[in-house]
Amino acid sequence: MPTHPVIDSVPKQLRIGEGWEAAASGRTLAVDNPATGTVLCEVADAGPEDAARALAAAREAQQGWARTAPRARGEILRRAHEIILERAEDLALLMTLEMGKPLAEARGEVAYAAEFFRWFSEEAVRIDGGFATSPDGRNRHLVLRQPVGPCLLITPWNFPLAMGTRKIGPAVAAGCTMILKPAPQTPLSTLALTAILAEAGLPPGVLNTLTTSDAAAVVEPLLRGGGIRKLSFTGSTQVGRILLTQCADTVVRTSLELGGNAPFIVFDDADLDAAVDGLMVAKMRNMGEACTAANRVYVHAGVAEDFAARLTARMAALTVGDGTAPGTDVGPLIDAAGRDKVERLVRDAVGRGAKVLTGGEVPEGPGTFYPPTVLAQVPRDAELTGTEIFGPVAALFTFEDEDDVVRIANDTEWGLVSYVFTRDLDRALRVGERLETGMVGLNTGLVSNPAAPFGGVKQSGLGREGGRVGIDEFLEYKYLAIPYS
Ligand code: ADP
């Protein structure tokens, strides 16, 4: 197993209470580098016994943590924000090694991730309540906001650092204790983050981190056992549904950030250069492995050919390779299963008549690479219209009419984000209002921002992360009724 200083510096054990521990079973789980197919290291592989101990630690710490001064909680986040920025290069490299994204993108994610801590460090001191006199004048109503209690945070592999800080930030600000379970493909970023929070002064038991290869065996007893008061999950809609069912049994509050199927609509009055730039971000950020990725690109028939030609030139010019190599624009996909899915969806679309303008062929050799691909004239019954591609494939459809494109864009069970390019302000607002998604990018391919409420409607999820409302998900209202004497 090759060693790497940045990997050597990360704890490989479970964080439970105040220490780092091996899994009770003694088992470990291998972390792979998707660019080379080699094993980077082994980390502890938690099971149900470890989960029970993590829950006990989180429950024990909850009351004291809830009483910690808001400013003190905010300062911990602020210090963690600063440490993340000081170690940005190491954290970026770690992320690239375990999940493949090019270093430049990994640096971008480190900055984005740190920003959630800064944002919520500022929100920690703004939790407030209310006071009112009842309509009949007999009672005082004093409204408090209190932490919901121990939270289970489950994160995906595609943004391993930012999905952690987006959940930990508001939980810490609100005064909740946590169990954090990262994706098995990317435990290292999460372990590094856990160590940084301890260094920043987070008290023992407030954040417990369980890396595991068997998510169901760790998560289900936690959710069904009754000690967890809140689940915050980012991942697939399929797993989100399973977790929502488990949460129903013990009435656990849930926030779910699930899959997307983003439409990207280019009207004939759009600035085509800006639209191509926007699509390069909305499609190629993270190699297309993002729930916000443009999945269906609808281009007005009058500009479809021009748009496709400009896009193809940009996509064909991208350099595919190991994310640690200078000049790489597109890294490997997360694993063989992820790449097989992309390949299958492309084959299906081509089989139904789509034209490959660039890409479309799996390269030989190690690493799970897939080339930037443009498909034109994709028929509306192609499987990828109803499936998240999660890869660097732009599927272009044409449309003629505003009403028609809004109807097709909304014809999906998902509703996370949509993108609209037009120079007509009335149309931008009209279409933006009619699209059934939690977020709309108007003449931009990037909506994610720690200061804005991120989340979806329909089967893309429940709740919002970030923005002023992000902390609400971790707070309960309590009202005290006090009669006037
Ligand atoms: P993806 O298909 O992109 O890997 P998943 O929804 O499978 O997305 O994974 C997101 C997160 O959910 C990961 O941390 C994963 O380990 C976890 N997960 C997967 N299956 C389950 C399950 N049955 N119960 C709890 N967590 C799960």
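What the table below lists for this structure:
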read-out: Equivalent ellipsoid, segment 346-485 (semi-axes from 5 times Cα gyration tensor eigenvalues, Å); value: 39, 21, 14
read-out: Sites residue 313 and residue 481 - FRET efficiency at Förster radius 60 Å, r taken between beta-carbons, to 0.05; value: 0.35
read-out: Computed [θ] at 222 nm, deg cm²/dmol, the chain (DSSP H ≥ 4; -39,500 (n - 2.57); rounded to nearest 500); value: -12000 deg cm²/dmol
read-out: Electrostatic dipole magnitude of the chain [Cβ: Lys, Arg +1; Asp, Glu -1; Cα centre; debye, to 20]; value: 1660
read-out: Value of Rg/Rh across segment 419-484 [Cα atoms, Kirkwood radius]; value: 1.19
read-out: For segment 343-349, 3J(HN,Hα) per residue [Karplus equation, 6.51 cos²θ - 1.76 cosθ + 1.60, θ = phi - 60°, Hz, x = Gly/Pro]; value: 4, 5, 5, 5, 4, 4, 5
read-out: Cα-based convex hull volume of segment 6-112 per residue, rounded to whole Å³; value: 118
read-out: For residue 370, residues with placed amide H under 5 Å, excluding near neighbours; value: 333
read-out: Sorted by Cβ density within 10 Å, fewest first, the residues 141, 300; value: 141, 300
read-out: Computed magnitude of the charge dipole of segment 262-442 (debye, nearest 20; Cβ of K, R +1, Cβ of D, E -1); value: 320
read-out: Net charge dipole size for segment 254-357 [Lys, Arg +1 and Asp, Glu -1 on Cβ; Debye, nearest 20]; value: 400
read-out: Added length on full extension, which subtracts the Cα-Cα distance from 0.36 nm per residue, residue 140 to residue 413; value: 93.8 nm
read-out: Three-way shape call for segment 123-193 based on the alpha-carbon gyration tensor, with the a/c threshold at 1.5; value: prolate
read-out: Difference of contour (0.36 nm per residue) and Cα-Cα distance, residue 364 to residue 82; value: 97.3 nm
read-out: Likely footprinting exposure, 329, 401, 335, fewest C-beta neighbours within 10 Å first; value: 401, 335, 329
read-out: Amide H contacts under 5 Å for residue 17, placed H, 5+ residues apart; value: 205
read-out: Principal axis box of segment 262-442, alpha-carbon based, largest edge first, Å; value: 50, 31, 29
read-out: Alpha carbon Rg of segment 218-348, scaled by the compact-globule rule 2.2 N^0.38 Å; value: 1.40
read-out: Largest-first ellipsoid semi-axes for segment 189-252, taking √(5λ) over the Cα gyration tensor eigenvalues, angstrom; value: 25, 14, 10
read-out: Per-peptide average of other Cβ atoms within 10 Å, ordering 388-394, 52-58, 3-9 highest first; value: 388-394, 52-58, 3-9
read-out: Förster-model FRET efficiency, 45 Å R0, residue 344 and residue 126, C-beta, rounded to 0.05; value: 0.40
read-out: ³J(HN,Hα), Karplus 6.51/-1.76/1.60, whole Hz, each residue of segment 261-278, x for Gly, Pro; value: 8, 5, x, 10, 10, 10, 7, 6, 9, 6, 6, 5, 5, 5, 5, 5, 4, x
read-out: Fraction of alpha-carbon pairs over 12 Å apart in segment 352-396 - percent; value: 62
read-out: Principal axis dimensions, largest first and in whole angstrom, of segment 141-269 by Cα; value: 56, 40, 35
read-out: 37 °C / 0.692 mPa s Stokes-Einstein diffusion coefficient of segment 244-283, Kirkwood radius on C-alpha pairs, µm²/s; value: 242
read-out: Other-chain or far-sequence residues with amide H under 5 Å of residue 357's (modelled H); value: 374, 375, 376
read-out: Antiparallel bridges, percent of DSSP beta bridges restricted to the chain (to nearest 5); value: 45
read-out: Approximate spin-label separation residue 36-residue 68, in nm, with each point projected 7 Å along Cα-to-Cβ; value: 3.8
read-out: Karplus-derived 3J(HN,Hα), 6.51/-1.76/1.60, for each residue of segment 366-372, Hz, glycine and proline x; value: x, x, 9, 7, 9, x, x
read-out: Radius of gyration, Dmax [the chain; alpha carbons; angstrom]; value: 23.2, 82
read-out: Nitroxide proxy distance, nm - points 7 Å out along Cα→Cβ at residue 457 and residue 387; value: 2.8
read-out: Acute angle (nearest 10 degrees) that the helix 215-225 long axis makes with the longest principal axis of the chain, alpha-carbon atoms; value: 40
read-out: Ranking of 484, 370 by count of other Cβ atoms within 10 Å, fewest first; value: 484, 370
read-out: Convex hull projection area averaged over all views, segment 308-360, Cα basis, nm²; value: 4.2
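Throughout, read-outs are computed from the coordinates displayed, never taken from laboratory work. Computed from a predicted structure; not experimentally measured. Glycine also receives a Cβ, built like all others from the backbone with ideal geometry; neighbour counts cover every protein chain displayed.
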